[in-house]
Amino acid sequence: MEGIVLYVVIPCYNEEEVLPVTSQIFLDKISELVADAKISNNSRILFVNDGSRDRTWSIIQELARKDGHYIGISQSRNRGHQNAVFAGLMEAKDKCDITISIDCDGQDDINAINEMIDAYYGGAEIVYGVRSSRKTDTFFKRFTAEGFYKLLNWMGAEVVFNHADYRLISSRVLQEFANFREVNLFLRGMVPLVGFTSKSVYYERRERIAGESHYPLSRMLALAFDGITSLSVKPIRMITGLGMAVALFSFLGAVWSIVVRILGNSVSGWASMTCLICFIGGVQLICLGVIGEYIGKMYMETKQRPRYIISERTWKSDKEQNYRNRVNHDEL
């Protein structure tokens with residue numbers, strides 16, 4: 001019996017150093033799975049070029065010419081890792097039975113794919129690749145990364161601890177996931193919202209094979225903030241609680257000042273007044289900033305701009321082929 005069709009979705013941004021190495025690793029894994037009759041030979045490795053500034057797209061095109069298992073799409077500009085993964089998933093959802101998204105850098109253990117597929121055959125529609133430990137990370141990286149997941153969960157964003165974007169998703173789930181219309185994407189929190197039967201597969205993460213990481217602390221913090229504000233209203237509720245606490249504190253302070261004035265013990269002083277003004281002013285600015293972030297996201301959502309734009313493919317889409325046929329017909 002012929003196996004299921006698998007599309008391995010791989011976002012790429014400036015990966016000219018690592019792509020020639022890992023592309024062969026991905027192809028070897030596809031060949032192994034085909035030989036074991038776990039997947040069909042119609043399975044593909046789908047590279048998503050996220051507006052790279054180096055030779056990444058040229059390399060993808062060369063790979064596609066050499067072997068039919070390689071295919072690629074290129075976004076019209078850099079739109080970020082989450083949008084690149086999403087673009088690949090949406091491109092693949094009508095062409096395959098399952099997708100597995102994985103980064104290009106070779107850090108995620110590719111052998112976990114075997115367990116993911118076994119879990120799918122066992123009934124799981126979503127399989128999360130979860131890091132079993134962070135032994136290879138520095139103390140600072142480990143502390144900030146684990147704090148990232150704890151903060152997200154505490155803020156109400158449902159995420160799988162130590163899971164990034166290495167996951168298997170069935171086509172059935174992707175069809176439902178396509179109904180999510182958010183412009184602000186945070187896949188780690190959105191995928192669990194779809195539901196369906198899920199399972200976790202644990203693996204050891206390695207060092208990056210080549211090149212530099214595209215996720216420094218600043219981008220990780222930005223991703224965390226995007227996840228919180230996209231999936232949770234808890235910060236707004238915290239602002240409400242903080243506002244009530246400050247209001248109560250201010251009311252007690254007003255009562256105290258009136259009592260002191262009546263007793264005739266008031267002493268003029270600028271220090272206490274300055275501290276109070278700075279405190280309340282700081283709280284107001286923080287609250288306005290958080291509220292502004294939510295309003296900004298609402299503003300972007302109402303525009304309903306496309307989440308990705310594909311400028312090139314290594315194959316001709318039906319629309320492109322029909323256009324080419326019309327041009328050739330007109331020329332004749």
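The values are calculated or read from the model by the stated rules, or taken from the named source; none is laboratory data. Predicted model only: the values in this text are computed from it and were never measured. Note: ideal-geometry Cβ built from the backbone for every residue, glycine included; neighbour counts use all protein chains shown. Heads up: the accessible areas ignore ligands, DNA and RNA and are worked out on the full protein's heavy atoms, side chains in. Shrake-Rupley method; radii C 1.70, N 1.55, O 1.52, S 1.80 Å.
From the list S52, S43, the lone residue that is free of Cβ contacts under 8 Å to residues at least 60 places away in the same chain, in contact with a Phe, Trp or Tyr (Cβ under 8 Å, 6 or more places away or on another chain) and closer than 26 Å to Y121 by Cβ is S43. Scanning segment 1-36 for residues that are of a type in the set (A, V, I, L, M), more than 15 Å from I110 (Cβ to Cβ) and open to solvent by 60 Å² or more (accessible area, probe 1.4 Å) yields M1, A35. A residue that is open to solvent by 10 Å² or more (accessible area, probe 1.4 Å), on the phi > 0 side of the Ramachandran plot and in contact (Cβ under 8 Å) with a residue 40 or more places away in the chain occurs nowhere in segment 82-104. Please enumerate the residues belonging to segment 88-116 that are hydrophobic (A, V, I, L, M, F, W, C) and out of contact with any strand residue (DSSP E or B) (no Cβ under 7 Å at 6 or more places or on another chain). Scanning segment 88-116 gives M90, I110. As a summary of the residue check, L63 satisfies the conditions (1) part of a helix (DSSP H, G or I); (2) surrounded by fewer than 19 Cβ atoms within 10 Å (Cβ to Cβ) except for the one numbered (2).
Could you list all residues from segment 1-39 that are assigned to a loop (DSSP other than H, G, I, E, B) and among the aromatic types (F, W, Y)? Result: Y13, single match. Scanning segment 18-40 for residues that are hydrophobic (A, V, I, L, M, F, W, C) and in contact (Cβ under 8 Å) with a residue 24 or more places away in the chain yields V18, L19, V21, I25, F26, L27, I30, L33, V34, A37, I39. Under the condition of being under 26 Å from R205 (Cα atoms), modelled with pLDDT of 75 or more and β-branched (V, I, T), the residues counted in segment 149-191 number 2. The set of residues in segment 81-123 being in a loop (DSSP other than H, G, I, E, B) and in contact with a Leu (Cβ under 8 Å, 6 or more places away or on another chain) consists of K93, C96, D97, C104. Of all residues in segment 173-197, those satisfying the criterion of being under 24 Å from N162 (Cβ atoms) and small (G, A, S) are G189, G195. Only one of the listed residues (V8, V85) is at pLDDT 90 or above and within 24 Å of the chain's Cα centre (by Cα). That residue is V8.
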